[in-house]
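Below: the structure, in structure tokens.
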Amino acid sequence: MVHGEVWTIKELFTYPNEYIYWSIQIVMYPFMTGLVAGAFVLSSLYHVFGVKQLKGMARFALVFSFALLFAAPMPIVLHLQHPFRGINIFMTPHFTSAIAAFGIVFSTYGAIVASELWFIYRKHFVEIALPLKTKQDKTLFEWFKYLVFCALTLGVYDISEESLKRDEKAIKILAGLGIPVACFLHGYAGFIFGSVKANALWMTPLMPVIFIMSAVVSGIALCMLTYIVVMEIRKFLASRKKTVYTHLQTREEIGGVEINVIRMTAKYLLLFLIFAISLELLDLIFRGYTAVKSWDVLRSVIYGKDFTNIFILQYAIGNLIPFILFLMPGFTIRRAVVGVILVLFGVFMMRWNVVIGGQAFSLTFLGYMHYHLPIIPHNWETFKEGLGGALSIFIMPFVLFWIFSKIFPVFDYKESH
Amino acid sequence: MITRRDLLKYTIKGIAGLAVPIAALEIVNPNKIFAGKNDKSKTRWVFLVDTYKCVGCGFCVKACKNENEIPYDANVTRTWVERYVVTKDGELFADTPKGARDGFTTSKIDLGAGKYQDIKKEEISKAFFVPKLCNQCENPPCVQVCPVGATYQVPDGVVLVDRKTCIGCGYCIMACPYGVRFFHPVHHTAEKCNFCYHRITKGMKTACVEACPFGARQIGNIKDPDDPVTKIIKTERVGILKEEFGTKPQVYYIGLDKEVR
């Protein structure tokens, strides 16, 4: 069977070679890079713009962004017909292609996040490595830990007041530099779609901007969700007096901090949500008003075939309901959880409607293609480009975050500044 | 014991020493090598389709599949034939069942998903066939978007795919406004019509041109003023497909209709 034929149902007049070639993994790709960029922007709000209330979230978001960073290219790998050749994008890039910029943008961004993390956690590494160095009779685990943290210090053991001041400066510069790079990382994902002139739905210069705005929205939402989950676990532990943390020992203390951080973050979420919706509506209105050749088929997709996906799932459930939930007085954590899950769902649906919606109509403008997500896989292809593959990608950053948080503790470590 | 000063010295000397032999190497540009470092190519392959002559027999599709080893039963094809039927009340129907590999065996229009529509003869105001193939664009969007340069345009205008380099991302398939690209079911790399490049570069005609019993398909060199195809393109009224995309397609059509997609 031809690639794409399994999940594509054709209707009316389509070209013989047309299938939905870009499937669920290409929906996941901008979704994941969006989360990376969004989480980073959130952490930079504190480091660069000094939004003090976000202090509790800043470090958390940065580590999470780092974990997401490793998951972001995975959808592409699962999507490629020749995954082992994927490295060629880095090795022999063809620079007229938007995808070729991936290697450069991705590694620049990775380097920035990694070095910012290093500056933030340098003191922590030294504090762990030094006592282990002097300790006699190290166990195997301690040897391992010692080696890891020793390597992580990169040979710098100076944690004087003066050098930590310099670190802070470096963090600020890196975080500042990171914002445009993070926006570029995701803006260019939007450019990949926006520059495809053959696709009537994708081709708009607004695409990168829309992608960046919704990226920040989704990144903030995911950080909020994970933050709440972690804080709830801590509350639970605190109530059982099992806490290992040095400060915030009681349930009430944790709860107080939690609601404050979430309330503050929610404001930024709303701000970016408004930008995202405005741009998307502008795009829609503009298409209807100018009504060029492709509008007939686009209208039949937007207001007909994909109406539920676009107006019910994306705009109503994914945008409008959380909007109301966040703005209603008497904000609670429970409501925040519902709100951010809906926001994440809304952003996912936006990616879906762009990627799958863009392939829902034929290049002939006379036919349609319907996508059927493979749920139960019957071979490797239907697994990796099906529900299983998408879920694996979604779970990956959480697993990575759990591992990374062993090295970069997000809460119990007291900041120098 | 090597001192820091020595290390720096040796490093500089080493780099300087290496720079001379390395300078002798040239960064290889595959395009240049392919062109044999000649100046401009004397060939520019173009295609001419006379839609008045096409009867939709599908011999061209069959010949193409066999010649270019596209699995016969796979629902993808490098070239295909479309049927257009316009009724008296202005309604447009079009189809291309299996790319017209077996021709059009029924007068019923294939609506996809196993549905067919019968149109009465007396209701038809006009009907015709349009063969399709890669347009070998002068400004090919598929070449522009390939992230690894696996697809490229040779100096005589044909766009080729390197199966050893293609990573299978599908960006070129998305970028082509004509829908001529697909994934090869066996090689899993991007696949497209290349005007039977292995034939035309040896002085033969493409498989589809050879197979067409009515001379609806012709291939020629537009840089040769004596080429019969060039003469027709230069002197008669010909059309191209989807010129609004700015791709400058090089497949010319006689008798193109506004309904053709």
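Among all cysteines in chain B, which have no other cysteine Cβ under 4.7 Å from their own Cβ?
Lacking a cysteine Cβ partner under 4.7 Å: B:C54, B:C57, B:C64, B:C137, B:C146, B:C166, B:C169, B:C176, B:C196, B:C212.
Output wanted: per-residue J couplings in Hz (rounded whole) for the range B:137-151, from phi through Karplus 6.51 cos²θ - 1.76 cosθ + 1.60, θ = phi - 60°, x for Gly and Pro.
Here the 3J(HN,Hα) series is 3, 5, 10, x, x, 5, 5, 4, 8, 5, x, 10, x, 6, 10 Hz.
Note down the relative contact order for the range A:293-417 as a percent, whole number, built from C-alpha pairs under 8 angstrom at least six residues apart.
Details: 83 pairs, mean separation 23.2, N = 125.
Rounded, it is 19 percent for the range A:293-417.
If packing is taken as the mean number of other Cβ atoms within 10 Å per residue, what is the order of A:329-335, A:86-92, B:101-107, highest first?
A:86-92, B:101-107, A:329-335
Which whole number gives the average count of other chain Cβ atoms within 10 Å of the Cβ atoms across peptide A:87-98?
Average per residue, whole number: 5.
Need one value for A:17-29: mean number of C-beta atoms belonging to other chains within 10 Å of its residues' C-beta atoms.
Taking the mean over all residues of the peptide, I get 4.
Quickly work out the A:I376-to-A:F398 label distance, labels modelled 7 Å from Cα along the C-beta direction, and quote it in nm with one decimal.
2.5 nm
Would you calculate the convex hull of the Cα atoms in the range B:110-261 and tell me its volume per residue in Å³?
Per residue, the Cα convex hull of the range B:110-261 comes to 164 Å³.
Provide the solvent-accessible area of A:S195, counting protein heavy atoms only and rolling a 1.4 Å probe, rounded to the nearest 10 Å².
Accessible surface of A:S195 is approximately 50 Å².
How much length is gained on full extension from B:Y72 to B:L25, taking 0.36 nm per residue of separation minus their Cα-Cα distance?
Going from the current span to full extension adds 12.3 nm.
What is the mean number of Cβ atoms from other protein chains located within 10 Å of the Cβ atom of each residue in peptide B:108-121, rounded to a whole number? Let's see the in-between values first.
On the way: counts 0, 2, 3, 5, 10, 6, 0, 2, 0, 1, 0, 0, 0, 0.
What the average comes to for B:108-121 is 2.
With just the Cα atoms defining each centre, how far is the range A:299-325 from the range A:159-195? Give it in Å.
Spelled out, the Cα-based centre of one part sits 34 Å from the other.
Counting only C-alpha contacts under 8 Å and six or more residues apart, can you give the relative contact order of chain B as a whole percent?
Here the relative contact order equals 25 percent.
How many percent of the accessible area of the range A:1-123 is carbon or sulfur, using a 1.4 Å probe?
Within the range A:1-123, the accessible surface is 73 percent carbon and sulfur.
Using the Cα centre of chain A as the reference point, and only Cβ charges (+1 on K/R, -1 on D/E), how large is the resulting charge dipole? Debye, rounded to the nearest 20. Intermediate results must be reported in sequence, preceding the final value.
Working: 34 positive and 24 negative charges, 174 e Å.
It works out to roughly 840 debye.
Sort A:L68, B:L25, A:L387 from largest to smallest accessible area, using a 1.4 Å probe on the heavy atoms of the protein chains.
In descending accessible area the options line up as B:L25, A:L387, A:L68.
Please go through the residue pairs B:K88/B:K132; A:K293/B:K65; A:K384/B:K132; B:K164/B:K234; B:K53/B:K205; A:K138/A:K172 and name each one whose alpha carbons sit more than 30 Å apart in this structure.
A:K293/B:K65; A:K384/B:K132; B:K164/B:K234; A:K138/A:K172
Where does each of A:M396, A:M32, A:M264 land when they are ordered by accessible area, with a 1.4 Å probe and the largest first?
A:M396, A:M264, A:M32
Quantify, in whole percent, the carbon and sulfur part of the accessible surface of the range A:248-366 (1.4 Å probe; protein heavy atoms only).
Reported share for carbon and sulfur atoms: 72 percent.
I'd like to check one number: the per residue accessible area of the protein assembly as shown, probe 1.4 Å, reported in Å² as a whole number.
Each residue of the protein assembly as shown exposes 46 Å² on average to a 1.4 Å probe.
In whole Hz, with x marking every Gly and Pro, tabulate ³J(HN,Hα) for the range A:102-109 from phi via Karplus 6.51 cos²θ - 1.76 cosθ + 1.60, θ = phi - 60°.
3, x, 5, 5, 5, 6, 4, 5
Considering all projection directions equally, how large on average is the shadow of the alpha-carbon convex hull of the range B:175-252, in square nanometres? Before the final figure, lay out the partial values.
On the way: hull surface 27.8 nm².
Its average projected convex-hull area is 6.9 nm².
Using a 7 Å offset from the Cα along the Cα-to-Cβ direction at both A:R334 and B:T106, what is the distance between the two label points in nm, to one decimal?
Going by the 7 Å Cα→Cβ label model, 5.9 nm.
Ordered by packing density, taken as the mean number of other Cβ atoms within 10 Å over each peptide's residues, highest first, how do B:80-88, B:111-119, A:347-355 rank?
In descending order of packing, they fall as A:347-355, B:80-88, B:111-119.
Taking the protein assembly as shown as the region of interest, what is the percent of Cα-Cα pairs per 20 angstrom bin, listed from the shortest bin to the one with the maximum distance?
Histogramming the protein assembly as shown at 20 Å steps yields 16, 42, 29, 12, 1, 0 percent.
How many nm separate the modelled label positions at A:F307 and B:K9, each set 7 Å beyond the Cα in the direction of the Cβ?
Taking the two extended label points, one gets 8.4 nm.
On alpha carbon coordinates alone, what is the Rg over Rh value for chain B, Rh being the Kirkwood radius?
1.15
Once the whole set of protein chains is in place, how much accessible area is left on B:D50, using a 1.4 Å probe, in Å² to the nearest 10?
B:D50 exposes around 20 Å² with every protein chain in place.
The values are calculated or read from the model by the stated rules, or taken from the named source; none is laboratory data. This is a predicted model, so every value here is computed, not measured. For neighbour counting, all protein chains shown are included, and Cβ atoms are generated from backbone atoms with ideal geometry for every residue, glycine included. Heads up: the accessible areas ignore ligands, DNA and RNA and are worked out on the full protein's heavy atoms, side chains in. Shrake-Rupley method; radii C 1.70, N 1.55, O 1.52, S 1.80 Å.
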